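Have a look at the structure below before the remarks.
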Amino acid sequence: MSVQDIFYMFQALEQAKRAKKNGEIPIGAILVHQGQVIARAHNIREKTGDPTAHAEIVVLREAGTRLGSWRLENATLYVTVEPCLMCAGALIQSRIARVVYGCRDPKAGALTSLYEVAHDTRLNHQFLVEEGLLEEQCRKLMKDFFKERRDEKNE
């Protein structure tokens with residue numbers, strides 16, 4: 001992974017922190033196409049009441065609108081947490097080239113943890129997956145969020 005990858009993942013972490021401030025699960029995403037950030041997003045499920053409003057889905061929608069196409073063939077998604085099955089499906093449908101994520105999601109991760117959807121040759125598209133970029137920061141943000149939630153419930 002490159003210095004550019006680190007730069008973009010820090011931006012995804014900033015999006016995740018925004019989500020946390022808004023009471024959302026702290027996951028952030030950045031979509032880069034031809035060396036430019038095309039879209040930024042974080043989880044907004046609580047805000048919108050939309051169960052599909054994961055950071056990855058929101059960023060794909062925004063990128064498609066900005067580029068005028070659902071095909072994101074030369075794009076890279078940077079996301080703080082391993083995408084779930086729904087998001088992995090959307091990534092396949094978008095024809096994304098590459099996904100770089102921070103930490104694994106052992107309960108819902110669909111790129112490495114529970115499934116390896118990105119490499120399934122039965123599907124019509126595969127993409128490159130790189131994991132572990134700024135892993136500790138991404139994991140800590142998630143752990144702290146859920147610890148704070150548990151502490152609030154116990155008060």
Problem set entry | Single residue of segment 114-131 satisfying the filter (open to solvent by 40 Å² or more (accessible area, probe 1.4 Å) and assigned to a loop (DSSP other than H, G, I, E, B)) that is nearest to LYS143 (Cα to Cα) | LEU114
Exercise. Is segment 54-64 home to any residue that is more than 11 Å from the chain's Cα centre (by Cα), open to solvent by 30 Å² or more (accessible area, probe 1.4 Å) and within 18 Å of ALA19 (Cα to Cα)?
Worked result: yes
Seminar exercise, completed: Reported set for segment 41-74 where residues are of a type outside the set (Asp, Glu) and under 19 Å from ALA110 (Cα atoms) is HIS42, ASN43, PRO51, THR52, ALA53, HIS54, ALA55, ILE57, VAL58, VAL59, LEU60
Exercise. If you check every pair at least six apart or on different chains, which have Cβ atoms under 9 Å apart with a residue in segment 123-146 that is hydrophobic (A, V, I, L, M, F, W, C) first and a residue that is modelled with pLDDT under 95 and open to solvent by 30 Å² or more (accessible area, probe 1.4 Å) second?
Worked result: LEU133/MET1
Seminar exercise, completed: Apart from one, (1) part of a helix (DSSP H, G or I); (2) charged (D, E, K, R); (3) more than 15 Å from GLN137 (Cβ to Cβ) all hold for LYS20; the odd one out is (3)
Exercise. Taking ARG104, is it open to solvent by 40 Å² or more (accessible area, probe 1.4 Å) and in contact with a strand residue (DSSP E or B) (Cβ under 6 Å, 6 or more places away or on another chain)?
Worked result: no
For this session: Could you tell me whether GLU56 is outside any loop (DSSP other than H, G, I, E, B), among the charged types (D, E, K, R), closer than 20 Å to GLN126 by Cβ and at pLDDT 95 or above?
Result: yes
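The values are calculated or read from the model by the stated rules, or taken from the named source; none is laboratory data. Treat the numbers as computed from the prediction; the structure is a model and nothing was measured. Positions of Cβ are backbone-derived with ideal geometry, glycine not excepted, and every protein chain shown enters the neighbour counts. SASA here: full protein model, heavy atoms, side chains in, ligands and nucleic acids out. Shrake-Rupley method; radii C 1.70, N 1.55, O 1.52, S 1.80 Å.
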